[in-house]
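Engineer: Sharing a structure, written as structure tokens. Questions coming.
Nothing in this text is a laboratory measurement; each read-out follows from the coordinates by a stated rule. These numbers come from a predicted model, not from an experiment. Neighbour counts run over all protein chains shown; Cβ positions are idealised from the backbone, glycine included.
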Amino acid sequence: MPSPIGHSLIGLAIGVAAMPGETPGTPLPRRLFRRRWMLLGCMVVANLPDIDFIPGLLVGDMNAYHYNLTHSIGWAVLVGFGLWFLLRAVRPRTGLACLVLLLALLGSHLLADFWCEDRSPPYGMPIYWPLSNRWHTAERPLFMAMDKDTFRDVFTLANLPAALRELGIGLALCLGGLGVHYARRPSQGFR
Ligand SMILES: [Zn+2]
């Protein structure tokens, strides 16, 4: 699986692409600062399926419960709708665009993990649950696996090439997201 670096940058790219258009000439830092909470939320939601690391951390093996049902389309849809209803309860003007954004963020996590090298069985994840319980993974991974048996392993030099690849892909996606944002008129985009 990509680390939080990769998932956060992918979430940021999606958030930037979804930001409402701004008046031409508005500096980029101001555009980003104005939407800081939205962008932060996008990065958090893009990491949400990895919540299954928490029980593993408690028993001393980060991977003990990883790559299970939180890495499935069924879970992503349930959580996407759950978060959307919660947001609507707090902010009744929350529209369908928000639901699409939430599903895109959760889906981005599944896609990134699907296209990541997996070194230990069962390979992949039950991405089609509840329609199928079979584990699936891409034949030609885009992201490299990281050592992460314990929290300490994550910060070893051996993980540097994988982290740099995530950084490169993530930043390229963010540039793409900026392209989408700049192509928007002020009235267009997520609200
Ligand atoms: Zn994951």
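Engineer: For I51 paired with L78, estimate the spin-label separation in nm (one decimal), with each label point 7 Å from Cα along the Cα-to-Cβ line.
Structural biologist: Taking the simple label geometry, I51 and L78 are separated by 1.1 nm.
Engineer: If I build a Gaussian network model for the chain, linking alpha-carbon pairs within less than 10 angstrom, which residue out of M43, M146, M62 has the largest mean-square fluctuation?
Structural biologist: Of M43, M146, M62, the Gaussian network model singles out M62 as fluctuating most.
Engineer: Can I ask one more? Taking 7 Å along the Cα-to-C-beta vector as the label spot, tell me the L111-A64 distance in nanometres, rounded to one decimal.
Structural biologist: About 3.4 nm separates the two model spin labels.
Engineer: By how many degrees, between 0 and 90 and to the nearest 10, does the Cα long axis of helix 36-47 differ from the longest principal axis of the chain?
Structural biologist: Here the helix axis deviates by roughly 20 degrees.
Engineer: Would you work out the relative contact order for the stretch 1-159, in percent, from Cα pairs under 8 angstrom that are 6 or more residues apart? The partial results should precede the final answer.
Structural biologist: Values: 221 pairs, mean separation 42.3, N = 159.
Computed value for the stretch 1-159: 27 percent relative contact order.
Engineer: What are the extents of the Cα atoms of the chain along their three principal axes, listed from largest to smallest and rounded to whole Å?
Structural biologist: That gives 50, 37, 31 Å along the principal axes, largest extent first.
Engineer: Taking 0.36 nm per intervening residue step and subtracting the Cα-Cα distance, what contour gain separates I5 from L86 on full extension? Before the final figure, lay out each step's value.
Structural biologist: Details: separation 81, 0.36 × 81 = 29.16 nm, distance 2.68 nm.
Extra length available between I5 and L86 comes to 26.5 nm.
Engineer: Subtract the Cα-Cα distance of L171 and R134 from 0.36 nm times their separation in residues, and report this length gain in nm to one decimal.
Structural biologist: On the way: separation 37, 0.36 × 37 = 13.32 nm, distance 3.25 nm.
Extra length from L171 to R134 when fully extended: 10.1 nm.
Engineer: Further question on the same structure: Just rank R34, R185, fewest to most, by other beta-carbon atoms within 10 angstrom.
Structural biologist: Values: R34 14, R185 11.
Starting with the residue having the fewest Cβ neighbours, the order is R185, R34.
Engineer: In which sequence would W75, W37, W135 go, from the one with the fewest C-beta neighbours within 10 Å to the one with the most? If you can, show how the numbers build up before the last one.
Structural biologist: Working: W75 22, W37 8, W135 18.
Exposure proxy ranking, most exposed first: W37, W135, W75.
Engineer: Quick check on the exposure proxy: order I54, I14, I169 from fewest to most C-beta atoms within 10 angstrom.
Structural biologist: Details: I54 10, I14 23, I169 19.
Going from least to most buried by this count: I54, I169, I14.
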